[in-house]
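Below is one structure, written out as structure tokens; comments come after it.
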Amino acid sequence: MRLAFRMPLSVAFLGLGAIGAPMAGHLARSDHQLTIWNRTGGKAQVSVAAAAGARIATSPADAVRLADIVVTCLPQSSDVAELLAADDHAMANALRSGVLLVDCTSGDPETSRRIANDLGARGVGFIDAPVSGGVAGAEAGTLTVMVGGGAAALERARPVLDCFAGKIVHCGEIGAGDALKAVNNALLALHIWSTAEGLVAAMNAGVAPQVALDVINASSGRSNASMNLFPDRVLTGAFPRTFRLALLDKDAGIAAAMARSQKFPSPALQLAADLMRMAHLELGDDVDHVEAVKLVERWSGVELRA
Ligand code: NDP
């Protein structure tokens, strides 16, 4: 029997937000040598990755200088492009030829393709590798990673992705991971919104929300929203902040723009984007995505609590 031996890699992780921080934590506890960087440096200092021994870089360029693989996890693709280009391309210039940038941002396909082209001209590889599974999945190391890019690049990234993934799926060429992630999140947005409206209508008809969910979750209208988000977060009124509504607004917008550019009628995707934009504008930048329900509650005058 041949045992697979994998060399530890030098990895840089940039972006220690709600989901990036636990992902980096797994890498810090692995055999790889991890360097971390976060725009707000204090968050890197107190991160689980730092506690597990990761080196804290002083700048993005300092973070990537010795890296074999660079992982980015920022709000949107334009943030990744701007980071690479900032300070007269300091970070891009610091990337060694042959390095692979693994972008775990839930990005947009067009910007990812542009970044991949720019990096390709420098001899640097790129895959888009957005994740799903939420902060709980990141903490458990069971994220699903949807990859766009070449198969060989994915194989190079796999020892790094394995540290925080339960499932890795090669979706297609560069941008395919972003495209699929945006579609998934547009569906999430529709499920959250439509479940809220449905529960309000049921409640006004005399059915308690927990009774309605009990029946829906044993029936064909169920979704992750009805099975998990509403029982755990809405009926309890807990609304933990794990994934900002602003980010779901961004994702639904990407899906809607994609469908629009493909010129087929896509009223549900356009509606998802409009609803999330409205909710984001009404409720602000820092609220959780599930708090979009509060807008339905406000308009109907009904609170969906157990
Ligand atoms: P957060 O808002 O929690 O964190 C964003 C991170 O990006 C922070 O580290 C922030 O730094 C950094 N950042 C923001 N803008 C810039 C910039 N212009 N330049 C450099 N760094 C920047 O986001 P999440 O961690 O929740 O999300 C990250 C990505 O993962 C997003 O694309 C999101 O859609 C996706 N995602 C998130 C999930 C979740 O459950 N949270 C689930 C699946 C995907 P600072 O600390 O200085 O603000």
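Cα-Cα over 31 Å: which of Lys263/Lys294; Lys167/Lys294; Lys181/Lys294?
Details: Lys263/Lys294 33 Å; Lys167/Lys294 33 Å; Lys181/Lys294 25 Å.
As for pairs spanning more than 31 Å Cα to Cα, those are Lys263/Lys294; Lys167/Lys294.
Rounded to the nearest whole Hz, the Karplus-based 3J(HN,Hα) values (6.51 cos²θ - 1.76 cosθ + 1.60, θ = phi - 60°) of segment 120-130 follow the sequence x, 5, 9, x, 10, x, 8, 10, 8, 9, x, with x at glycine and proline. Counting only cysteine Cβ atoms and a cutoff under 4.7 Å, the chain contains unmatched residues Cys163, Cys171.
Heavy-atom accessible surface of Ser300, to the nearest 10 Å², is about 50 Å², with a 1.4 Å probe and all protein chains retained.
Placing dummy labels 7 Å off each Cα toward the beta-carbon, the span from Phe264 to Asn217 is 3.4 nm. Largest accessible area first, the residues Asp88, Asp274, Asp103, Asp62 order themselves as Asp88, Asp274, Asp62, Asp103 under a 1.4 Å probe with ligands, DNA and RNA left out. Per residue, the convex hull around the alpha carbon atoms of the chain comes to 154 Å³. With the helix formula -39500 (n - 2.57) applied to DSSP H stretches of n ≥ 4, the chain reaches a computed 222 nm mean residue ellipticity of -15000 deg cm²/dmol.
Cα centroid separation, segment 3-81 to segment 232-272: 28 Å. Here the ratio of the Cα radius of gyration of segment 13-104 to 2.2 N^0.38 Å is 0.98. The distance between label points at Ala90 and Asn204 comes to 5.6 nm (points 7 Å beyond Cα on the Cα→Cβ vector).
So, counting K/R as plus one and D/E as minus one, what does the shell of residues with Cβ under 12 Å around Leu247 add up to? Here the count lands on -2.
Could you estimate the translational diffusion coefficient of segment 10-173 from the Stokes-Einstein equation, with Rh from the Kirkwood formula over C-alpha pairs, at 37 °C and 0.692 mPa s, in whole µm²/s? Walk me through the numbers on the way to the answer.
Details: Rh = 15.2 Å.
Rounded, D is 216 µm²/s.
Once you sort the root eigenvalues of the Cα gyration tensor of segment 254-306 as a ≥ b ≥ c, which label holds: rounded (a/c under 1.5), prolate (a/b larger than b/c) or oblate (the other case)?
Numbers: a/c = 3.22, a/b = 2.11, b/c = 1.53.
Prolate shape, in that a/c is at least 1.5 and a/b is the bigger ratio.
Using Cα-only point scatterers and the Debye equation, what is log10 of I(q)/I(0) for segment 52-99 at each q in 0.15, 0.20, 0.28, 0.29 Å⁻¹, rounded to two decimals? For the requested q values the scattering log ratios are -0.39, -0.69, -1.18, -1.22.
Return one whole number: the accessible area per residue of segment 179-300 in Å², for a 1.4 Å probe.
Details: 5830 Å² over 122 residues.
Here the residues of segment 179-300 average 48 Å² of exposed surface.
Shown are Arg114, Arg158, Arg233, Arg39, whose ranking by accessible area with a 1.4 Å probe and every protein chain present, most to least, is Arg39, Arg114, Arg158, Arg233.
Measuring nothing but how far apart in sequence close Cα pairs (under 8 Å, 6+ apart) lie, relative to its length, the chain scores a relative contact order of 13 percent.
Report the convex hull volume per residue for segment 71-136, counting only C-alpha atoms, in Å³.
Enclosed volume per residue, from the Cα hull, is 82 Å³.
Accessible surface ranking for Met278, Met7, 1.4 angstrom probe, highest first: Met7, Met278.
Only protein heavy atoms count here; on that basis, with a 1.4 Å probe, Ile56 has an accessible area of about 60 Å². With bins 10 Å wide beginning at 0, the percent of Cα pairs of segment 183-306 falling in each bin runs 14, 45, 32, 9, 0.
More than 17 Å apart: what percent of Cα pairs in segment 146-217 qualify? Counting every Cα pair in segment 146-217, those more than 17 Å apart make up 60 percent. Summing charges over all other residues whose Cβ lies under 11 Å from the Cβ of Asp288, with Lys and Arg as +1 and Asp and Glu as -1, gives +2.
Across the accessible surface of segment 179-300, with the other protein chains kept in place and a 1.4 Å probe, carbon and sulfur atoms take up 58 percent.
The values are calculated or read from the model by the stated rules, or taken from the named source; none is laboratory data. In this text the structure is predicted, and so the values were computed from the model without any measurement. Note that we place each Cβ from the backbone using ideal geometry, even for glycine, and neighbour counts take in every protein chain shown. Only protein heavy atoms, including side chains, enter the accessible area calculation; ligands, DNA and RNA are left aside. Shrake-Rupley method; radii C 1.70, N 1.55, O 1.52, S 1.80 Å.
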